[in-house]
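Down below is the structure, laid out as structure tokens.
The values are calculated or read from the model by the stated rules, or taken from the named source; none is laboratory data. Remember, it's a predicted structure, so these values are computed and weren't measured experimentally. Quick reminder, even Gly has a Cβ in these numbers, built from the backbone with ideal geometry, and neighbours come from all protein chains shown.
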């Protein structure tokens with residue numbers, strides 16, 4: 001019998017009420033390998049095929065509530081939270097993405113200054129976030145965020161002017 005562990009995160013949580021996403025498909029292994037070599041995604045056709053979600057200010061409602069996540073002993077969930085201030089300040093949450101797979105682009109109308117990345121277990125596959133200056137994950141990659149070996153989370157600030165979109169992926 002595997003034990004279940006409950007974690008409760010008490011902080012400011014953003015509820016994104018009905019933002020829209022395109023259907024999209026995951027990248028093929030070859031496309032993912034190519035993506036990893038790119039510094040600029042402008043005009044790269046596979047970027048247009050993955051799921052794209054558009055979040056505008058009217059979609060974001062800030063509220064305080066407890067988040068609970070049931071952990072399985074050998075699970076593999078992940079979470080990304082975008083912030084409008086550096087240092088992953090709970091008072092500046094923009095949106096969050098749970099249990100993402102191989103490639104998804106999230107665009108927001110407000111600058112992303114930092115991001116919190118969490119994983120349920122250590123080891124492979126590693127969740128990763130790439131930050132882009134324009135909507136639809138276009139342009140030159142501004143920042144690449146991962147989690148160090150043996151760690152469960154990371155908080156990174158995006159240097160410069162911030163990002164308007166992110167690509168999240170794990171297990172491609």
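Pick from 155, 172: which is in contact (Cβ under 8 Å) with a residue 12 or more places away in the chain, touching a strand residue (DSSP E or B) at 6+ places or on another chain (Cβ under 6 Å), surrounded by fewer than 21 Cβ atoms within 10 Å (Cβ to Cβ) and assigned to a loop (DSSP other than H, G, I, E, B)? Being in contact (Cβ under 8 Å) with a residue 12 or more places away in the chain, touching a strand residue (DSSP E or B) at 6+ places or on another chain (Cβ under 6 Å), surrounded by fewer than 21 Cβ atoms within 10 Å (Cβ to Cβ) and assigned to a loop (DSSP other than H, G, I, E, B) holds for just one of 155, 172, which is 172.
Taking the stretch 92-111, which residues are over 11 Å from the mean Cα position of the chain (by Cα) and under 18 Å from residue 156 (Cβ atoms)? Don't jump to the end; show me each part of the working.
Within the stretch 92-111, the first condition is being over 11 Å from the mean Cα position of the chain (by Cα), and the residues that meet it are 92-94, 102, 108-111.
92, 93, 94, 108, 110, 111 - these are the residues of the stretch 92-111 that are over 11 Å from the mean Cα position of the chain (by Cα) and under 18 Å from residue 156 (Cβ atoms).
Tell me yes or no: at least one residue of the stretch 8-26 is at pLDDT below 65, out of contact with any helix residue (DSSP H, G or I) (no Cβ under 9 Å at 6 or more places or on another chain) and surrounded by fewer than 13 Cβ atoms within 10 Å (Cβ to Cβ). Scanning the stretch 8-26 turns up at least one residue that is at pLDDT below 65, out of contact with any helix residue (DSSP H, G or I) (no Cβ under 9 Å at 6 or more places or on another chain) and surrounded by fewer than 13 Cβ atoms within 10 Å (Cβ to Cβ). Going by what's in this entry, would residue 94 be described as at pLDDT below 95 and either assigned to a strand (DSSP E or B) or touching a helix residue (DSSP H, G or I) at 6+ places or on another chain (Cβ under 9 Å) (or both)? Spelling it out, residue 94 is indeed at pLDDT below 95 and either assigned to a strand (DSSP E or B) or touching a helix residue (DSSP H, G or I) at 6+ places or on another chain (Cβ under 9 Å) (or both). Picking from residues in the stretch 113-130 that are in contact with a helix residue (DSSP H, G or I) (Cβ under 9 Å, 6 or more places away or on another chain) and part of a strand (DSSP E or B), the one that is surrounded by the most Cβ atoms within 10 Å (Cβ to Cβ) is 114.
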